[in-house]
1. Which of the three applies to the stretch 59-125, rounded, prolate or oblate, going by the alpha-carbon gyration tensor with a ≥ b ≥ c and a/c under 1.5 meaning rounded?
2. If I take every Cα pair under 8 Å that is 6 or more residues apart in the chain, average their sequence separation and divide by the length, what percent do I get for the relative contact order?
3. Place a point 7 Å from the Cα of HIS43 along the Cα-to-Cβ direction; which residues of the stretch 13-31 have their backbone N under 17 Å from it?
4. Quickly estimate the mean residue ellipticity at 222 nm for the chain, helices only: each DSSP H run with n ≥ 4 gives -39500 (n - 2.57), and the total goes over all residues, rounded to 500.
5. Quickly rank 5-16, 99-110, 35-46 as a protection proxy: mean count of other C-beta atoms within 10 Å, highest first.
6. Above 20 angstrom, tally the Cα pairs of the stretch 5-134 and express them as a % of all pairs, no decimals.
Amino acid sequence: MKVTAKGRYGLQLMVELAVQSGRGPVLVSAIAERQDLPPKYLHVLMGSLKAAGLVKVQRGPSGGCELARPANRITALEVLEALEGSLAWEVPESDRSAGARTVGQMLTQAAEVFRTVAAGQTLADLAQVQRGLESGSDGYSI
């Protein structure tokens, strides 16, 4: 299990869309500027998010992107798995020693805790945290 820049940036993009929700389509370049992320990379991520049914893309002068569902109905886990694939820990078949299996069991449990936390956080939850941080409140709790 590994969350790469792809997953982190994609989740930032989606949280920003949740923050901007209700204002119509948002330009990827505006998201990139607000989040200090590379716009070309966000365009690439947008393809995966669209294919997963998480965003809608509108072309044209008033175009941009927006969430395909309400922010309270999209979890962080959905976003991460759309971009990263399965977030389960996998022990290679070639590594079947007792030590590898012992460590593998612990890592599997840790991955499940991570999945549970990510599944319990919606984009609406994360957008609320971001709004708080932007307004000067640094309180975050799960």
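Since every read-out is calculated from the coordinates, none of them should be taken as a lab result. Quantities reported herein were computed from a predicted structural model and do not represent experimental measurements. Neighbour counts are summed over all protein chains in view; Cβ atoms, including those assigned to glycine, are modelled from backbone coordinates with ideal geometry.
1. Details: a/c = 6.83, a/b = 2.49, b/c = 2.74.
It is oblate, given that a/c is not under 1.5 and a/b is not larger than b/c.
2. On the way: 173 pairs, mean separation 41.6, N = 142.
About 29 percent, as a whole number.
3. Answer for this model: 26-31.
4. On the way: 6 runs with 79 residues, N = 142.
That calculation yields -17500 deg cm²/dmol at 222 nm.
5. 5-16, 35-46, 99-110
6. It works out to 48 percent of all Cα pairs.
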